[in-house]
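**Student:** Below you will find the structure I want to go over with you.
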Amino acid sequence: MKLVLASKNQKKLAEMNEILSGLGVEVCSEAEAGVDLEVEETGTTFEENSLLKARAVMEASGLPAIADDSGLCVDALGGAPGVYSARYGGEGLDDPGRTRLLLENMRGQTPRTCRFVSVITCCFPNGDVLSARGECEGTVAYAPVGENGFGYDPVFFVPELKKTFAQLSPQEKNARSHRGRALEAFQVKLEEYLKNR
């Protein structure tokens, strides 16, 4: 089965393929499906935004589409950046800029507890929708550490590992990350769905 990923993020595409390939599922990019969409994320929850993206790409491509909406929710900031994680601080900022802004906003803040949240939604042309949520608890580090991953990974510290997500190998990260957990739950739902077709 082929799914179109409703995202232009190549690292997300690689992560999804690595996790779902065991099911005989191939995840292709929007470009490979001949789609070039910028879906406006007008939802106020990860669930709403994930559904908006998957549905738009499914309608444009005519193929089942899978979307992930994820973000970092920091307790001391009232859950921010949350659904605005990728747009935190406005259009002009890149990942390191958003990370610096987060660390500035966290100066002197306690507790530093936070969680990464991911919601995976898959929309099928027949109208069926599968959705799963995953979370991973951590704390905001005081400075970026590590070279791997993307986004806020260099400041997402996992206390029991004594490492940030950016210090983990892709395999270590997938085994415990919010997206890994959401995809694991999604995989179970997808297997069940494919069995009953």
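**Student:** Which whole-number percentage describes the relative contact order of the chain, with Cα contacts under 8 Å and a sequence gap of 6 or more?
**Tutor:** 19 percent
**Student:** Oh, and also: When the dipole is taken about the Cα centre of the stretch 93-197, and only Lys, Arg (+1) and Asp, Glu (-1) are charged at their Cβ, what size is it in debye, to the nearest 20? If you can, show how the numbers build up before the last one.
**Tutor:** Details: 15 positive and 13 negative charges, 33 e Å.
The dipole of the stretch 93-197 has a size of about 160 debye.
**Student:** Using the beta-carbon distance between Tyr142 and Lys195 and R0 = 41 Å, what value does 1/(1 + (r/R0)^6) give for FRET efficiency, to the nearest 0.05?
**Tutor:** 0.30
**Student:** Further question: Determine the order of Met106, Met1, Met58 by accessible area, beginning with the largest, at a probe radius of 1.4 Å.
**Tutor:** My answer, sorted largest first, is Met1, Met58, Met106.
**Student:** Using R₀ = 30 Å, calculate the FRET efficiency as 1/(1 + (r/R₀)^6) where r is the Cβ-Cβ separation of Lys8 and Thr45; round to 0.05. Kindly include the intermediate steps, with their values, before the conclusion.
**Tutor:** On the way: r = 22 Å, r/R0 = 0.74.
For R0 = 30 Å, the calculated efficiency reads 0.85.
**Student:** Still on this model: I'm checking a number: the convex hull volume of the Cα atoms of the stretch 136-197, normalised per residue, in Å³. What is it? Don't jump to the answer; show the numbers that get you there.
**Tutor:** On the way: hull volume 5.1 nm³, N = 62.
Hull volume over Cα atoms, normalised by residue count, gives 82 Å³.
**Student:** Right, something else. If you add up the charges near Val57, with Lys and Arg at +1 and Asp and Glu at -1, over every other residue whose beta carbon is less than 14 angstrom from its beta carbon, what do you get? Numbers along the way, then the final one.
**Tutor:** Values: positive: Lys2, Lys8, Lys12, Lys53, Arg55; negative: Glu30, Glu32, Asp36, Glu38, Glu40, Glu41, Glu59, Asp68, Asp69.
Local net charge: -4.
**Student:** From largest to smallest, what semi-axes in whole angstrom does the stretch 91-195 give when each is the square root of 5 times an eigenvalue of its alpha carbon gyration tensor?
**Tutor:** Semi-axes, largest first: 30, 16, 12 Å.
**Student:** Can you give the local net charge around Phe157? Use residues other than it whose beta-carbon is closer than 15 angstrom to its beta-carbon, Lys and Arg +1, Asp and Glu -1.
**Tutor:** Every neighbour counted, the sum reads +1.
**Student:** If each residue of separation counts as 0.36 nm, what is the full-extension length gain between Glu172 and Phe124 once their alpha-carbon separation is subtracted?
**Tutor:** 14.2 nm
**Student:** Next question, about the same structure. Relative contact order for the stretch 35-135: what is it in percent, counting Cα pairs under 8 Å that are at least 6 residues apart?
**Tutor:** Taking the mean separation of contacting Cα pairs over the length of the stretch 35-135, I get 32 percent.
**Student:** Can you give the accessible area per residue of the chain, in Å², using a 1.4 Å probe?
**Tutor:** In whole numbers, the chain has 48 Å² accessible per residue.
**Student:** Local charge sum around Lys8 (other residues, Cβ-Cβ under 13 Å, Lys/Arg +1, Asp/Glu -1)?
**Tutor:** -2
**Student:** Can you find, among Thr121, Pro111, Val155, the residue sitting farthest towards the positive end of the charge dipole of the chain, where Lys and Arg contribute +1 and Asp and Glu -1 at Cβ?
**Tutor:** Pro111
**Student:** Name all residues of the stretch 13-41 having a backbone nitrogen under 17 Å from the label point set 7 Å from the Cα of Ala86 along its Cα→Cβ direction, giving them as ranges.
**Tutor:** Under 17 Å, as judged by backbone N against the label point of Ala86, lie 13-17, 28-33, 35-41 of the stretch 13-41.
**Student:** Here's another thing I want to ask about it. Expressed as a fraction of 2.2 N^0.38 Å, the rule-of-thumb size for a compact globular protein of N residues, what is the C-alpha radius of gyration of the chain? Mind showing how you got there, number by number?
**Tutor:** On the way: Rg = 16.6 Å, N = 197, 2.2 N^0.38 = 16.4 Å.
Relative to the 2.2 N^0.38 Å estimate, the chain comes out at 1.02.
The values are calculated or read from the model by the stated rules, or taken from the named source; none is laboratory data. Keep in mind that this is a model prediction, so the values were computed, not measured. Glycine also receives a Cβ, built like all others from the backbone with ideal geometry; neighbour counts cover every protein chain displayed. Note: accessible area is taken over every heavy atom of the protein model, side chains too, but ligands, DNA and RNA are not part of it. Shrake-Rupley method; radii C 1.70, N 1.55, O 1.52, S 1.80 Å.
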